[in-house]
Amino acid sequence: MNHGKTIYRILITCLLLIAASVAFAQNLDNKISIKAKNQPLGEIIDQISEKGNILFSFNPQSIPVHKKINVDARNTSLSKIFEMVFTANGIDYILSEKQVILKLAKQETLPKPDLSVKQIRKFTISGTIRDKATGEVIIGANVYDMASMQGTTSNAYGFYSLTLPTGEYRITNSYIGYSPVSQVINLNKDINATIDLELAVVEMNTVVITSDPDVETKHLNQTGDMHFSPTVLKQIPGFAGNVDVLKSLQNVPGVLTFGDGSSFYYVRGGNSDQNLLLIDEAPIYNPSHLFGFFSALAPDAIKDVMVYKGDFPANYGGRLSSVIDVRAREGNQKRIGISGNIGPYTSDLTLEGPILKDKSSFIISGRKSNMNWLNLSFDDQRSYKFDFYDINAKLNVKINKNNRLFLTAFKGNDVFERYNSSRTNTFGISWKNVAGTLRWNHTFNSKLFSNTMAYISRYNYFLDISKELGNYWTSSITNATIKTDFSWYLNPKNTIKTGFEFNRHESNPGKMYYSDKEIPASLAGYYSNEIAIYASIEQQIGQKFFARYGFRLSRWSDLGPTSVYFFDANHNVIDTIDVAGNTIYKSFLTFEPRISLKYALGKNSSLHVNYNRNVQHLQMLSNSTSPFTSLDVWVPSGPNIKPQIADQVSLGFFTRIFQSQFDFSIEAYYKRLYNQIDYKDHANMLINQLIEGELRFGDGWSYGFETMLRKSKGKFTGWISYTLSRSYKQIEGVNNGEKFPTAYHRPHNACITLSYATRKRWNFSSHWMYMTGSPFSSPTGFYYVNGSTVPIYGKKNNDRYPDYHRLDVSVSYTFSKPEKRYQHSLMLTIYNAYGRHNPFSVNFNKITDAKGDIVVPANLASDLELISTSISVAGAIPSLNYTFRF
């Protein structure tokens, strides 16, 4: 009987314990709010204990209570908070009655491997990091060991490789905006692991995940680079409600745009043709629609944008000033999705989905202008038509764990036409971009990764005199390339990258057609081959010093068939030769050393020093900054045109301030440019077989400093930037051989971009920019000959346009909750909100209408006096856009 009572008491006690445990476990579903910015773990534990009414038990000598972490949990369950605060930081938690016991994960208590043993075995964990919802790879994700903080980042194809001594490790994978994933692995052999990261949904019931500060310190940004993710791009008000890569460049210190009505942009004193824009590694020669108001890259097709303006990796070549590397999305590998944007100026639609789930996917995105409703007609019975479209498509196939194929296609088309009253086409400008890339990713082993690609890119430019009669002028450039890159992840402190490429360039500098028949005055074409090899080493020396150094060696060859003209010192023709097909008539061998050094001054600060030499063999000949009067002619280096060369040095400082909530950077640079091109007075650029005789050559130089304060975490984000710069040229035969400011010499450039996301689904954004007015040459006087007025010019670029400034604002409302499959929102955007008229052209006009007002543009056939007038694009431009995704 006593024995039965004992058993009965034990059963009752067990049931009570089980009930208490269940009740306590249910308490973990309770929701609280915790906000910590770079605070010690111990203080965060105290907050959870107080708000969640939970008792913690742990040894403060073994738990890293002083480690500073970030977490923003709003109305979130305790179990989710435990996962983010404890599990992600290598801490296990055990539920025991009415308390939570904390202890270090098993890996933390293991003795560290004896690194003094020379023959210690090492193994590698490698694989791909993907978005869990879509299966798309994630670029730049962190992969690191929690104990030693040794780590790496995923490359442009999501591949990572981390080599460590044999042992047991807690490996954490993280990326800003995603929930981190930690796993304990026994590294006693090479391991291949695909990691899926899940988006951290930003809403009231959410946890905002930020990167571990210790990991970020190991990968502090280069001051000369800037990264744009889709999230950042969406914070910047674009023209007519469109996310725009080219407009976003206005926010990068050191990058200047000409202004409204032009697609040209200038980086650190370099000309507009010295910038390389790539989409999935294929160059796009004119990446704009509507003369620069829209980017030719569809917003929904973009995954990642990287801007290099001071420190080019060795695998990039062919331009002096910048590289804009745009990576396109691969498409959802999990489910079919449709997204789109409907607006008054453009509409776009994107379709994506799997072909074989988790094996292959596709995405196709198209955009079309719908501006016919504008009815651009004028009193003189002239009317104008603007029209453009672009298509971005991509297919990716995972053959097996070691091989993957990507196929990318891009096409863009622009047409600007002017009609008279009889609807006869009297004038027109149009351009076309076509590009296609085939890439093959191959993993040889856990440390060696390769990417082999072939691409072709073509750009055509047309100047229509009469489309009905088939009278037009055209130029074009075509580039075909085969390229292979190798990445060897030797160990966490040493990565070697090398590769080679072969380029074929064909350029048509201008052909004239009458009645669709080519006339004899058409110019001979250019044909060139380029072979290049390159290599670089990324090396961490000790705990504070990082170096990246390498070189690029290229050989450029000009080939026939063509006609080559030779000029004397006075630019008169002295000889002509006809070159047979595939015969080399000129070649250049160039060496481009590059080195970047980074020194960590502390946990959140670093100092950067860079030197780059870049060589450019292709140049665009155009003596105008206006898209309405410029003619795009691309020519290679040759007997009369030496390769352009730029030497650039920069010194920068980067730090995180205010509890790591703000990034601050400042950088000074000096760039020396050789063999720069300008033009003689009144140069003839149209159908001129002796066009190279119209060119003048000399040197240039630019210098300045750039500063930026950026906040990328929290509901309120944005940045403030300012650039002070100078840019000059000195060209023999131009401006009497004296130095003169370039057309993009704009000393002061400031930008403020702000974004605020509320908890009520509202998002507010604004962007304000200011630039000193662009220089131009204006007459210093006039004289009269036989009744005609002739201007007298003084020094080159002796005058300036008025200063440029503009405010763009946008407000959007999201109708659906984040967890819903159908997402839709409405956005109101006002471009140039306060209606500033920024001139992009100045005319000395002689024509008046019946009221005596000056007519713009001018017809100089009149005898009236010359009067200075200017042209600006427009005042405030509103747009209301509806976007959807499901």
query = By how many nm would the segment from SER148 to PHE884 grow when fully extended, if each residue of separation counts as 0.36 nm and the alpha-carbon distance is taken off?
reply = 260.5 nm
Accessible surface, per residue, of segment 563-628 when the full set of protein chains is kept, probe 1.4 Å, Å² = 49
key: Under 16 Å from the Cα of LYS544 - aspartates and glutamates, other chains or at least 8 residues apart   = ASP214, GLU216
task = Can you tell me the alpha carbon radius of gyration of segment 236-349 divided by the globular rule-of-thumb value 2.2 N^0.38 Å?
result = 1.12
note = Taking Lys and Arg as +1 and Asp and Glu as -1, residues besides LEU597 with C-beta under 12 Å from its C-beta add up to +2
task = Name the shape class, rounded, prolate or oblate, that the alpha-carbon gyration tensor gives for segment 427-529, where a ≥ b ≥ c are the square roots of its eigenvalues, rounded holds for a/c under 1.5, and otherwise prolate holds if a/b is larger than b/c and oblate otherwise.
result = prolate
remark   = Among LYS247/LYS385; LYS103/LYS447; LYS394/LYS432, the pairs whose Cα-Cα distance exceeds 27 Å are LYS103/LYS447
query = How many nm is it between the label spots at GLN659 and TRP440, if each spot is 7 Å from the Cα in line with the beta carbon?
reply = 5.3
Sparse-neighbour loop sites [trypsin sites (Lys or Arg not before Pro); segment 485-585; at most 14 other C-beta within 10 Å; DSSP] = LYS493, LYS544
query = By how many nm would the segment from SER383 to GLN183 lengthen if fully extended, with 0.36 nm per residue of separation less the alpha-carbon distance?
reply = 65.4 nm
inquiry  = What FRET efficiency comes out for ARG759 versus TYR513 if R0 is 51 angstrom and r is the Cβ-Cβ distance? Round to the nearest 0.05.
reply    = 0.25
inquiry  = Accessible area of segment 508-582 with a 1.4 Å probe: how many percent of it is carbon plus sulfur?
reply    = 54
remark   = Of all C-alpha pairs within segment 507-624, those more than 20 angstrom apart amount in percent to 66
query = What FRET efficiency would be calculated for the residue pair THR484, ALA133, taking the C-beta separation as r and a Förster radius of 30 Å, to the nearest 0.05?
reply = 0.40
inquiry  = Below 13 angstrom from the Cβ of ASN832, what's the summed charge of the other residues (Lys, Arg +1; Asp, Glu -1)?
reply    = +1
task = Just name one of GLY550, VAL564, GLN539: the one whose Cα is farthest towards the positive end of the charge dipole of segment 537-588 (beta-carbon charges, Lys/Arg +1, Asp/Glu -1).
result = GLN539
ask   = Which cross-chain or sequence-distant (5 or more) residues have an amide H under 5 Å from the amide H of SER774, H modelled 1.01 Å from N in plane?
value = TYR801
task = For segment 556-704, give the magnitude of the charge dipole about the Cα centre (Cβ charges: +1 Lys/Arg, -1 Asp/Glu; no others), in debye to the nearest 20.
result = 860
note = So the carbon and sulfur contribution to the accessible area of segment 257-373, 1.4 Å probe, in percent, is 61
query = Which of the aspartates and glutamates could be linked to LYS715 by a straight reach, that is with a Cα gap under 13 Å, when you skip same-chain ones fewer than 8 residues away?
reply = ASP72, GLU203
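When a/c reaches 1.5 or more, the comparison of a/b and b/c decides; with that in mind, is segment 787-845 rounded, prolate or oblate per its Cα gyration tensor?
Prolate shape, in that a/c is at least 1.5 and a/b is the bigger ratio.
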request  = For segment 747-833, state what percent of all Cα-Cα pairs lands in each successive 5 Å bin, counting from 0 Å until the bin that includes the largest distance.
outcome  = 3, 11, 13, 11, 10, 9, 8, 7, 7, 6, 5, 4, 3, 2, 1, 0
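If I stretch the segment between ASN529 and TYR834 completely, what's the gain in nm (0.36 nm per residue apart, minus their alpha carbon distance), one decimal? Let's see the in-between values first.
Working: separation 305, 0.36 × 305 = 109.80 nm, distance 5.05 nm.
Gain on extension, ASN529 to TYR834, equals 104.8 nm.
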ask   = How high is the FRET efficiency from ARG555 to LYS122, r the C-beta distance, R0 30 Å, rounded to 0.05?
value = 0.15
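Output the antiparallel fraction of DSSP beta bridges having both residues in segment 277-359, as a percent to the nearest 5.
Bridges in segment 277-359 that DSSP calls antiparallel: roughly 85 percent.
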inquiry  = At 1.4 Å probe radius, can you tell me the per residue accessible area of segment 667-751 in Å²?
reply    = 41
remark   = Expressed in nanometres to one decimal, the distance between label points 7 Å along Cα→Cβ at ILE336 and ILE456 is 3.2
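The values are calculated or read from the model by the stated rules, or taken from the named source; none is laboratory data. All of these numbers come straight from a predicted model, not from anything done at the bench. Glycine also receives a Cβ, built like all others from the backbone with ideal geometry; neighbour counts cover every protein chain displayed. The area values use the complete protein model at the heavy-atom level, side chains included, leaving out ligands, DNA and RNA. Shrake-Rupley method; radii C 1.70, N 1.55, O 1.52, S 1.80 Å.
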